[in-house]
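The structure appears right after this line, and notes come after that.
Computed from the coordinates by the stated procedures, all read-outs in this text should not be read as laboratory data. Please read all numbers here as calculations on a predicted model, not as lab measurements. With ideal geometry, Cβ positions are generated from the backbone for all residues, glycine too; neighbour counts draw on all protein chains shown.
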Amino acid sequence: MSLNRRDVLAALKTILATTSGVTTVVRTFVPIDITNYNENELPLIELQEPDEMPDEEMTSMKQIALLEMKCRVWFVVWGESPTTTYESLVKALRDKIGANFKLSDTATGCWVIDVTKVEGEMPLFHFEISLRLKYYLDLQNA
């Protein structure tokens with residue numbers, strides 16, 4: 001099992017990139033300017049680097065770290081209603097995370113906490129998926 005944040009986030013990006021229907025996954029520290037991407041690069045998942053919080057209950061040399069993050073999913077629909085595309089993307093992402101709950105053994109778990117409603121104007125829409133990730137942080141190697 002991995003003991004650092006970079007490996008956990010890299011595994012999450014790799015897993016989400018293999019989701020059916022997703023074309024691009026971007027890890028970033030600042031919000032992206034979606035106008036810099038072409039339509040053929042969408043659907044795109046924007047992974048904002050999250051804050052990190054140690055679990056204060058752990059007193060041994062191993063501590064559980066929590067990452068809470070939001071993944072913004074951008075997509076294009078040239079019809080009046082983005083509902084079908086939205087529903088299929090949400091299902092595909094939830095199924096992909098559920099099938100690899102431990103993120104290729106880099107984390108103790110990854111949970112989908114919340115999914116927002118779809119927002120935007122034709123043809124560009126987006127929604128967010130909130131995730132909670134837990135992993136062990138080895139303080140002897142930190």
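Under 22 Å between C-alpha atoms is the cut-off here; go through the chain and count lysine pairs that meet it, provided they're at least eight residues apart or on different chains.
Final tally of qualifying lysine pairs is 17.
Pop out the ³J(HN,Hα) list for segment 63-78 in order, Karplus 6.51 cos²θ - 1.76 cosθ + 1.60 with θ = phi - 60°, rounded to Hz; leave Gly and Pro as x.
Once rounded to whole Hz, the list reads 10, 8, 9, 10, 10, 10, 9, 10, 10, 8, 10, 9, 8, 10, 9, 8.
For Thr108, enumerate residues with amide H under 5 Å from its amide H, sequence gap 5+ or separate chain, H modeled in the peptide plane.
Lys134, Tyr135, Tyr136
In whole percent, what relative contact order does the chain give with Cα contacts below 8 Å and a gap of six or more residues?
Over the chain, the number comes to 29 percent.
Please work out the C-alpha center-to-center distance from segment 1-52 to segment 71-96 and express it in whole Å.
Rounded to whole Å, the Cα centres lie 16 Å apart.
Just want the answer: with Cβ charges of +1 for Lys and Arg and -1 for Asp and Glu, which residue in Ile129, Val77, Val30 is farthest toward the dipole's positive end in the chain?
Ile129
Across the chain, where is the longest run that never hits GluC sites (Glu not before Pro) in a DSSP loop with at most 13 other C-beta atoms within 10 Å?
81-142
Out of residues 5 or more away from Ile64 or on other chains, whose amide H comes under 5 Å of its own, with H placed 1.01 Å from N in the peptide plane?
Amide H neighbours of Ile64, under 5 Å, 5+ apart: Asp55, Met58, Leu137.
What is the extension gain from Arg132 to Glu80, computed as 0.36 nm multiplied by their sequence separation minus the C-alpha to C-alpha distance, in nm to one decimal?
15.4 nm
Please list, in order along segment 6-22, the HN-Hα scalar couplings obtained from phi with the Karplus expression 6.51 cos²θ - 1.76 cosθ + 1.60 (θ = phi - 60°), rounded to whole Hz, x for Gly and Pro.
So the Karplus estimates, Gly and Pro as x, are 4, 5, 5, 5, 5, 5, 4, 4, 4, 5, 5, 5, 8, 6, 4, x, 8 Hz.
Over all pairs of distinct alpha carbons, what does the Kirkwood formula give as the hydrodynamic radius of segment 5-138, in Å?
When all Cα pairs of segment 5-138 are included, the Kirkwood radius is 15.5 Å.
Applying the Karplus parametrisation 6.51 cos²θ - 1.76 cosθ + 1.60 with θ = phi - 60° to the phi angles of segment 98-105, what ³J(HN,Hα) value in whole Hz is obtained for each residue in order, glycine and proline being reported as x?
Once θ is set to phi - 60°, the couplings for segment 98-105 become x, 6, 10, 3, 9, 6, 6, 6 Hz.
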